[in-house]
Structure formats: structure tokens, C-alpha cells
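S.K.: My questions will all concern the structure given below.
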Amino acid sequence: MPSGVFGEQVLTVAVAGTGTTVQVPFTIAGEEEFAGTIALGSSKVTAGKNLKVTGEGYAPGETVSIELRPKKGKPVQVGTVQVRADGTFSTSVTVPKSAPSGKYTVAASQADGDAATATVTVNRAGGIIGAILDWLWELLTRWF
């Protein structure tokens, strides 16, 4: 069988010279490819503020873990959410106030390890001064 083929299948056999065909149903054991996706309410968020995370294509009834993963360092779990019967979820998570500014991966993982990801930029809390410092930091880190 070709790679990636699994589930309910039908084999059709044609008997040469008679025009007779026979269809034989069978099942190929295997795991379906994970089709989950997530979307974020914004591509930027201020540390200490909420970020909306929505997902689809997850296993109904599954508990999904939401993590904030920095480029360097340990991931931080920022929430969990129960998947609805239609395979979707929607939640709002709080980005830790202590999160340094920069780009992060938001991961929404099922218990079996299947996960969908999206990218968010975390800005430091602190109004206009914080925004200016974040801009300068981003500018400087591009050079090194």
C-alpha cells in the first residue's frame, strides 16, 4: 500500500474476459494525520495581557494544553481548554507579565503530542516607553 493510506478501503477486482467485477471492502490500520490548526486573536500581545487562541481539527473531548515557547528557554503552559464535539476550541490565555519581549511560538497540544502552532510577538508591558524599548531591542538583535 502507498504510504499514508489507511482506514476503510475498497479493492475492486476485474475478472479478465468476463466483464465481472468484485468489490472487497477492507480496513488498513493506521493513524490519521493530525489536521489541527490554530489561529491567534493578534500577532502581537503585551506581556501580562490576554491572547485569544482558537483551534479546529482536534479530537472531540480532548483536553488541549496551550504553551508559550520562546526561541531559547523552557516553554510555559499558559492554559488548557476542552475541545468541543465539532473538533473546535476557543480560549483566552494570559501571557506572563515576566515574559521577555520577542517572538514566541504558541503551541496547542493534544495528550498524544499532536500540536498546531502559530507565532506571536510579545511586547514588554510599559506603554510608549516599553514600546520604544521593544523596538530598539528588536532592531539591535537583528544585527547580532
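Every number in this text was worked out from the coordinates using simple rules, so none of it is lab data. Only a predicted model underlies this, so the values are computations on that prediction, with no experimental measurement involved. Cβ: placed from backbone, ideal geometry, glycine included. Neighbour counts: every protein chain shown.
S.K.: Rounded to the nearest 10 degrees, what's the angle between the helix 127-143 long axis and the longest principal axis of the chain, both from Cα atoms, 0 to 90?
M.R.: Long axis of 127-143 versus the principal axis of the chain: about 70 degrees.
S.K.: Taking neighbour counts of Cβ atoms within 10 Å as a proxy for exposure, in what order, fewest first, do Lys72, Lys44, Lys49 appear? Can you show the working numbers first?
M.R.: On the way: Lys72 6, Lys44 12, Lys49 15.
By the 10 Å Cβ count, ascending: Lys72, Lys44, Lys49.
S.K.: Also, I was wondering about something else. Work out how much length Trp135 to Thr21 would gain on full extension: take 0.36 nm times their residue separation and subtract the Cα-Cα distance, in nm to one decimal.
M.R.: Working: separation 114, 0.36 × 114 = 41.04 nm, distance 6.90 nm.
Extending this stretch completely gives an extra 34.1 nm.
S.K.: Count neighbours as other Cβ atoms within 10 Å of each site's Cβ, and list the GluC sites (Glu not before Pro) in the range 11-66 that are DSSP loop with at most 12 such neighbours.
M.R.: Passing sites in the range 11-66 are Glu31, Glu32, Glu33.
S.K.: At a Förster radius of 41 Å, what calculated FRET efficiency corresponds to the Cβ-Cβ distance of Ala29 and Lys52, to the nearest 0.05? Display every interim value, and only then the final one.
M.R.: Details: r = 38 Å, r/R0 = 0.93.
Calculated value: 0.60.
S.K.: Counting other beta carbons within 10 Å of each Cβ, put Ser65, Ser90 in order, fewest first.
M.R.: Numbers: Ser65 16, Ser90 13.
Taking fewest neighbouring Cβ atoms as first place, the list is Ser90, Ser65.
S.K.: Further, regarding this structure: Given bins 5 angstrom wide, list per bin the percent of all Cα-Cα distances in the chain, short to long.
M.R.: 2, 9, 15, 15, 12, 10, 8, 7, 5, 4, 4, 3, 2, 2, 1, 1, 0
S.K.: Hey, another quick one. For the range 37-143, calculate the relative contact order in percent as a whole number, restricting contacts to Cα pairs under 8 Å that are 6 or more residues apart. List each step's numbers first, then the result.
M.R.: On the way: 236 pairs, mean separation 32.4, N = 107.
Taking the mean separation of contacting Cα pairs over the length of the range 37-143, I get 30 percent.
S.K.: Just order 16-22, 91-97, 103-109 by mean Cβ neighbour count inside 10 Å, highest at the front, would you? Could the numbers behind the result be given before it?
M.R.: Values: 16-22: 7.6, 91-97: 16.3, 103-109: 20.0.
Packing order, densest peptide first, comes out as 103-109, 91-97, 16-22.
S.K.: Here's another thing I want to ask about it. Name the residues of the range 53-80 whose amide N is less than 13 Å from a point 7 angstrom out from the Cα of Asp112 along the C-beta direction?
M.R.: 58-63
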